[in-house]
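Computed from the coordinates by the stated procedures, all read-outs in this text should not be read as laboratory data. Source: prediction; values computed, not measured. Positions of Cβ are generated from backbone atoms using ideal geometry, with glycine treated the same way; all protein chains shown enter the neighbour counts.
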Amino acid sequence: VATFNRSSANTACLQCRLSYFNADENWLTRMFTLDYALWFDQMLPGLERLNVPIPLGGTSNHFKIEVLRKLYAWDPFNVTEDADLGIRLTQNGYRVGVVDSTTFEEATCQSGNWIRQRSRWMKGYMQTFLVHTRSPLHLLQTTGMLGFLGFFFFIGGTVAAGLFNPVFWILYAIWLVATTNGFDPAFPQPLLFLSLFNLLAGNGAFIFLLMLAPIRRGFLGLIPYSFTVVAYWFLISVAAYRGLWQLLRNPFYWEKTQHGVSKHQSQASFLLGRAPL
Amino acid sequence: MTQKAATAFVATSTFFVVLSLSWFISDAGLLSDDAVSLWANAIAAGDGDMPVGRVVAAYPTIPFLATALLELVSPTGTPTPVLLAAGLLGAVAAIWLNLFRRLGLALPLTIMLVLLIALHPAMLRAAIAGPAEMFFAAFLFLLVGALYDLRARSAAPEVMAVALTLLGLAFSHPMGAAFACAATPLLVFTVRPELVAKSAFNVVIALVFPTVFCVFAFSYMSWVFPGSGWSFLVAPAEGIANWSASMSRTLGSGLTGLSPLDAGVVTFLAIFCAPHYFQ
């Protein structure tokens, strides 16, 4: 309430930062924590400042109820209904703010469970992208140029990166191992330089940003894990293809994530002497 | 005079002093070898006469790329390295002016101070020597500020600033590369103690990652494109040797005749004397 009072009148939702209490459980939870630290601690404050539509996280959102009613709340057919709502808030002239308060969740610590959760998120991003690009001009008019680009980059780009990443890595591996020049006709020199720049600058920049992400919370032990992000991207790609398959075959199916499997306890449950919620 | 006008005044006056001095010196037949070879390479790269392998392996990278880009957009015959060095010193002078003003110094005093520093013979010598030395000086100045901020507040933006200025330093001049390497073990002293207590090594990884990654990236590119082999890795070492030799010619053989030994003696004296000085 205090943050709402300090925010501009058009602030309709406040998103808390999210992090994980079981970051140190295994490699997957460490990478998931890095992923969240990059998104909630580094990117969201920037997006908020640029007034780019913020795809809301599913936890710890605080809404003005009248705005929520006016926008007919969440889309029940979208499996990332929170992300979709964030876009619609911006389209209707509302602002999503970020509160400097952290909710610690349980990071999915099993790969199968993680892929199921992430494939739902990927499918939801695909749905959100398809829904809002039915009328690109309307999207541009309602979100502005920065918002429009931000939407394409963060919603469309997330899905596209997941889908295309393995294709490019496979092409690169074939070129490197077989030392073939069979790809040369497909890569004229300007495109080759651009691809090389993307390979080096893109990967280097992402790894560096991941290294910076945990500093805010003092999770310095996670920094070296940034070097293993390529393996994490591989899992994201698996989830993206799974999400695409489900979008075609079973678009509204809600893939359940199993919670309460972590061996670690949240601080709250530890204090209450209970198992994690 | 407003601060904006003062900024424009110090930047343009510094720029034109460097241009005039460069013209005067080159008219007298004195030309910096580094600036001439940089210009020749930039012209060759701009005209497409240089193999891609040599372009991506060219070192010092930042001055070379900046000169080549300026060469592409300038009319033929423009002395691009001189323009670039003069512009850089002008820009640094403008930054100094705004910095001194933020510290609360009066405008006339600030202008005088900035002109005294920017037009100091050592700065002018660096500017006339070419863009590489000016980039080196600029990044060294930025690094000092970034290190100071890192000690005050070791958050992600401060870590990023130090990491990127180290990268700029290493890729602007062979001595910058030497400075960056030498500074690495000492970086831990610039981070806040609470972070050092958690994991000093991991913070240093984040600080040096961009530099190490770019060394790897440029080495990889010079391997991919034929014509340069692994020359990117050799270039900084050769550059340091050439630079030391030319400095010896200019300044004499130093204390011992060996630059690394001189550096060691100076470092020891600084460490020994500093506590007494600040007492």
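Here the range B:1-72 is assigned +1 on the Cβ of each Lys and Arg and -1 on the Cβ of each Asp and Glu. Its dipole about the Cα centre then comes out at about 320 debye.
Compactness check for the range A:31-180: Cα Rg over 2.2 N^0.38 Å is 1.17.
When only C-alpha pairs under 8 Å and at least 6 residues apart count, what is the relative contact order of the range B:37-169, in percent? Mind dumping the intermediate values first?
Numbers: 104 pairs, mean separation 28.4, N = 133.
Once normalised by length, the contact order is 21 percent.
Note down the relative contact order for chain A as a percent, whole number, built from C-alpha pairs under 8 angstrom at least six residues apart. Don't skip to the answer; put the middle values down first.
Details: 348 pairs, mean separation 78.4, N = 277.
Worked out over chain A, it gives 28 percent.
When the Cα positions of B:127, B:94, B:218 are compared along the charge dipole of the range B:78-234, B:94 comes out farthest toward the positive end, with charges on each C-beta of Lys, Arg, Asp and Glu. Over the range A:104-252, Cα pairs under 8 Å with separation of 6+ residues give a relative contact order of 45 percent.
With the simple model of a label 7 Å out from the Cα in the direction of the Cβ, residue A:250 to residue A:205 spans 3.8 nm. With the dipole of the range A:21-101 worked out from charges on the C-beta (+1 for Lys and Arg, -1 for Asp and Glu) around the Cα centre, which of A:21, A:68, A:80 lies farthest toward the positive end? Most positive-ward Cα: A:68.
Mean Kyte-Doolittle of at least -1.0 and a Cα length of 20 Å or more along the axis: which whole DSSP H helices of chain A meet both? Could the numbers behind the result be given before it?
Working: long enough: A:111-132 (31 Å, -0.83); A:157-178 (30 Å, 1.64); A:229-249 (30 Å, 1.07).
Length and hydropathy pass: A:111-132, A:157-178, A:229-249.
Overall, the protein assembly as shown carries a charge dipole of about 1700 debye about its Cα centre when +1 sits on the Cβ of Lys and Arg and -1 on the Cβ of Asp and Glu, all other atoms neutral. Computed from backbone phi with θ = phi - 60° and the Karplus coefficients 6.51, -1.76 and 1.60, the 3J(HN,Hα) list for the range B:78-87 is 5, x, 4, x, 5, 4, 5, 5, 5, x Hz; x is used for glycine and proline.
Taking the Cα centre of the range A:1-111 as origin and charging only Cβ (+1 Lys, Arg; -1 Asp, Glu), how large is the dipole, in debye to the nearest 20? Numbers along the way, then the final one.
Details: 9 positive and 13 negative charges, 121 e Å.
Roughly 580 debye for the range A:1-111.
The residue among A:121, A:223, A:182 whose Cα reaches farthest toward the positive pole of the charge dipole of chain A, with charges on the beta-carbon of Lys, Arg, Asp and Glu, is A:121. Per-residue shielding of B:85-95, expressed as the average number of other chain Cβ atoms within 10 Å of the residue Cβ, stands at 0.
For the range B:39-44, 3J(HN,Hα) computed residue by residue from phi via the Karplus equation (6.51, -1.76, 1.60; θ = phi - 60°) reads 5, 4, 5, 5, 5, 4 Hz, glycine and proline entered as x.
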